[in-house]
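First the structure, then my questions, so here it is.
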Amino acid sequence: MKTTMTSRQRVRAALQHQEPDRLPIDFGGRHSIHVEAHRALKKHLSLQGGEEVVRSYLTNTAEPDPRLTEMFGGDTAPFQMKPAASYAFRLDPATDSWADEWGIRYRRPPGGYYYDPCEYPLAAAETLAELERYPFPDATDTSRLAGLIGPLGAAHAAGDKAILLNAPTIGIWMLPFYLRGFEQGLMDLASQPAFSETLAERVTEWYVTFWDWALAQVGDKVDVVQMEGDLGQQDGPLFSPRLFRRIYKPRLRRVVDAIRRHTRAKILLHACGSVYWAIPDLIDAGIDALNPVQVNAADMDTARLKREFGRDLSFWGGGCDPILLQQGTPAEVETEVKRRIADLGPGGGYVFGTIHNIAAGVPPQNVVAMFRAAQKHGACY
């Protein structure tokens, strides 16, 4: 009989490729739930009251009600970095849009559920000098950790939940696409790679500076550091693997090294889509765990991923095909969850979670079925 672990011990064991007492579950840590789905879920479960807090206006997700986190066996305590003091969030009601601290504007279309990038501050830049002159936000502004150090320290001292520290931006290859616009950013890679490399270097330097500063203060209290960086479409790479290996992989290694200078936390990379092709490179660059394990994308069969990479990489997410979660029955959801746990759970190296945020319109009974199934089948895998 396995000894009962705390949530922190459970997540740590799994990420060290050891079998914990039960499958670790992440609800509301790396991924959250759309505000409308959150309300529907609370109504379905007859949960009254509780403060409604928006975690991200980009994804229109909620900070999950702590009662839900406990009900579903959540093992993580997530912490979100704050923007610099010079930035103030302002939602323009006339256009239903807002801009982030990098100058990227996002707009929600009429009747839409999410905010999409629509204005890119470096879209018209033509020279390397223009890239160098564009002002980046202050990476070491004290406001980024203001109000965070105390609660994070308290959570660490409590010794229960695994502390997950989420990155403040979308990563060294995705942020340039948001600054330039996706079409122009991809064109840059093909037509003017020196331009892409210069922008990637500025973003990398910002990231290295940020992590050196932030983790020097809280790195000893963090269990998992989460970074962003989508690399796949539904059917394959988002851009050339050759260019990824030349331009971005060495810079990813530098960011990983900066993180490791100040913490023993495991490094989790969020990379959507079909990313089978990139996994050996991610392992080589020092990534410990991969999220979201998008099982319905090409080459993302969970049994194969575990078989080929499970010794060197942990998997975080992958719990249920999001289309089935939205359109299937609770019984079908349970069958799917059972399959993914059987593929990814044995031997450790797996933290159960959703694939992407739980979307608006997902039936609340399916959300309950998913996490109940994780608790049921994760207890005996």
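Can you tell me which residue within the range 284-302, out of those that are aliphatic (A, V, I, L, M) and under 17 Å from the mean Cα position of the chain (by Cα), is farthest from Arg372 (Cα to Cα)?
Per the criteria, the residue is Ile287.
Can you tell me which residue is nearest to Leu186 (Cα to Cα) among those in the range 108-143 that are of a type in the set (A, V, I, L, M) and surrounded by 12 or more Cβ atoms within 10 Å (Cβ to Cβ)?
Going through the qualifying residues, I end up with Ala123.
Inside the range 109-159, can you point out the residues that are among the hydroxyl-bearing types (Ser, Thr, Tyr) and more than 30 Å from Val35 (Cα to Cα)? Spell out how you get there, then give the answer.
Taking the range 109-159 first, the residues among the hydroxyl-bearing types (Ser, Thr, Tyr) are 113-115, 120, 127, 134, 140, 142-143.
Selection gives Thr127, Tyr134, Thr140.
Additional query: Among the residues of the range 233-244, is there at least one that is closer than 25 Å to Lys161 by Cα, modelled with pLDDT of 95 or more and part of a loop (DSSP other than H, G, I, E, B)? Lay out the reasoning, then the answer.
First, pick out the residues of the range 233-244 that are closer than 25 Å to Lys161 by Cα: none.
No - not one qualifying residue is present in the range 233-244.
Separate question: Does the range 87-97 include one or more residues that are more than 23 Å from Gly317 (Cβ to Cβ) and outside any loop (DSSP other than H, G, I, E, B)?
Yes, there is a match, as at least one residue in the range 87-97 is more than 23 Å from Gly317 (Cβ to Cβ) and outside any loop (DSSP other than H, G, I, E, B).
Could you list, in sequence order, all residues of the range 83-102 that are without any contact (Cβ under 8 Å) to a residue 40 or more places away in the chain and either of a type outside the set (D, E, K, R) or more than 12 Å from Pro137 (Cα to Cα) (or both)?
Result: Ala88, Phe89, Arg90, Leu91, Asp92, Pro93, Ala94, Thr95, Asp96, Ser97, Ala99.
Something else about it: Kindly state which helices (runs of 4 or more DSSP H) lie completely within the range 125-219 and contain at least 1 residues that are in contact (Cβ under 8 Å) with a residue 60 or more places away in the chain and over 27 Å from Pro237 (Cβ atoms).
Hits in the range 125-219: 128-133, 149-158, 193-218.
State the number of residues belonging to the range 153-181 that are under 22 Å from Thr69 (Cα atoms), buried (at least 19 other Cβ atoms within 10 Å of the Cβ), in contact with a helix residue (DSSP H, G or I) (Cβ under 6 Å, 6 or more places away or on another chain) and not basic (Lys, Arg).
Total satisfying the criteria: 2.
Report yes if some residue within the range 53-75 is modelled with pLDDT under 95, more than 20 Å from the chain's Cα centre (by Cα), in a loop (DSSP other than H, G, I, E, B) and farther than 24 Å from Trp316 by Cα; otherwise report no.
No.
Let's see how each residue does on (1) touching a residue at least 60 places away in the same chain (Cβ under 8 Å); (2) within 28 Å of Lys249 (Cβ to Cβ); (3) part of a helix (DSSP H, G or I); (4) not hydrophobic (A, V, I, L, M, F, W, C):
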| position | (1), (2), (3), (4) |
| --- | --- |
| Leu290 | no, yes, no, no |
| Gln294 | yes, yes, no, yes |
| Ala297 | yes, yes, no, no |
| Arg304 | no, yes, yes, yes |
| Gly317 | yes, yes, no, yes |
| Val337 | no, no, yes, no |
| Val351 | yes, yes, no, no |
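Further question: Can you tell me which residues in the range 303-322 are within 19 Å of the chain's Cα centre (by Cα) and either farther than 18 Å from Gly236 by Cα or surrounded by fewer than 19 Cβ atoms within 10 Å (Cβ to Cβ) (or both)?
Within the range 303-322, Leu313, Ser314, Phe315, Trp316, Gly317, Gly319, Cys320, Pro322 qualify.
For the range 254-270, name all the residues that are more than 20 Å from Ala216 (Cβ to Cβ) and touching a helix residue (DSSP H, G or I) at 6+ places or on another chain (Cβ under 7 Å).
Of everything in the range 254-270, just one residue is more than 20 Å from Ala216 (Cβ to Cβ) and touching a helix residue (DSSP H, G or I) at 6+ places or on another chain (Cβ under 7 Å), namely Leu269.
The values are calculated or read from the model by the stated rules, or taken from the named source; none is laboratory data. Keep in mind that this is a model prediction, so the values were computed, not measured. For neighbour counting, all protein chains shown are included, and Cβ atoms are generated from backbone atoms with ideal geometry for every residue, glycine included.
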